[in-house]
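Remarks on the structure that follows.
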Amino acid sequence: PSHELFPHLISVPSGPQESLKQLISKIQGLYSNLHVIGDSAFGSYQMLEYLFSLGITATFSMRINEMEFIWKLLERCLQKGCWSSCYKENFLFSVYFGEHENEDGKTVDCYHHVATSGFTFH
């Protein structure tokens, strides 16, 4: 099938990750090579593992408190405008050190944390 929208879930889920699990259960057999992309509300190591166990790859933004030891390691000595990555148990973790504009219009430094199962290494 082509791109479709599933606007109604059977029950009210208890959060973004439960919503994603319900959506996956509806569409899992409809698509081959499914790759899920989500922001940090959906992203967790447990969700990556869950999707990977179903044969689904995923890429998520991640909160700093999710796998914090990996993010802190990757942030060490990272220069602005650069990425740092590591591969652990089927997942690639990457940090980008950049900047963004805050609510006051000031440019501030920030780290972007991303995890994916969309790559394999041999």
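The values are calculated or read from the model by the stated rules, or taken from the named source; none is laboratory data. Everything numeric here is computed off the predicted structure, so don't read it as measured data. Reconstructed Cβ throughout: ideal geometry from the backbone, glycine too, with neighbour counts over all protein chains shown. Heads up: the accessible areas ignore ligands, DNA and RNA and are worked out on the full protein's heavy atoms, side chains in. Shrake-Rupley method; radii C 1.70, N 1.55, O 1.52, S 1.80 Å.
Checking the structure you have, find out if any residue of the range 69-80 is in contact (Cβ under 8 Å) with a residue 12 or more places away in the chain, touching a strand residue (DSSP E or B) at 6+ places or on another chain (Cβ under 8 Å) and closer than 16 Å to residue 119 by Cα. So that I can check it myself, show each step before the final result.
First, the residues of the range 69-80 that are in contact (Cβ under 8 Å) with a residue 12 or more places away in the chain: 70-71, 73-75, 78-80.
Right, trim to touching a strand residue (DSSP E or B) at 6+ places or on another chain (Cβ under 8 Å) and you get 70-71, 73-75, 78-80.
Among the residues that remain, those that are also closer than 16 Å to residue 119 by Cα are: none.
Checked the range 69-80: no residue is in contact (Cβ under 8 Å) with a residue 12 or more places away in the chain, touching a strand residue (DSSP E or B) at 6+ places or on another chain (Cβ under 8 Å) and closer than 16 Å to residue 119 by Cα.
I need a count of the residues in the range 51-85 that are on the phi > 0 side of the Ramachandran plot and more than 14 Å from the chain's Cα centre (by Cα).
3
Go through the range 82-96 and count every residue that is part of a loop (DSSP other than H, G, I, E, B) and at pLDDT below 95. Before the answer, list the steps.
First pass over the range 82-96, keeping only residues part of a loop (DSSP other than H, G, I, E, B): 82, 89-90.
Filter once more, keeping what is at pLDDT below 95: 89-90.
Of the residues in that region, 2 qualify.
May I ask you to list the residues in the range 43-81 that are in a loop (DSSP other than H, G, I, E, B), closer than 20 Å to residue 110 by Cβ and open to solvent by 50 Å² or more (accessible area, probe 1.4 Å)?
Answer for the range 43-81, where residues must be in a loop (DSSP other than H, G, I, E, B), closer than 20 Å to residue 110 by Cβ and open to solvent by 50 Å² or more (accessible area, probe 1.4 Å): 63, 64, 65, 76, 77, 79, 80.
Of 103, 99, which residue is open to solvent by 80 Å² or more (accessible area, probe 1.4 Å), more than 14 Å from residue 48 (Cα to Cα) and in a strand (DSSP E or B)? Can you show your working first?
Working: 103 fails: in a strand (DSSP E or B).
On inspection, the qualifying residue turns out to be 99.
Of the numbered conditions (1) at pLDDT below 85; (2) among the aromatic types (Phe, Trp, Tyr); (3) part of a helix (DSSP H, G or I), residue 31 fails exactly one; give the number of that condition.
Every listed condition holds for residue 31 apart from (3).
Consider residue 23 carefully, then state whether it is of a type in the set (A, V, I, L, M) and not in a loop (DSSP other than H, G, I, E, B).
yes
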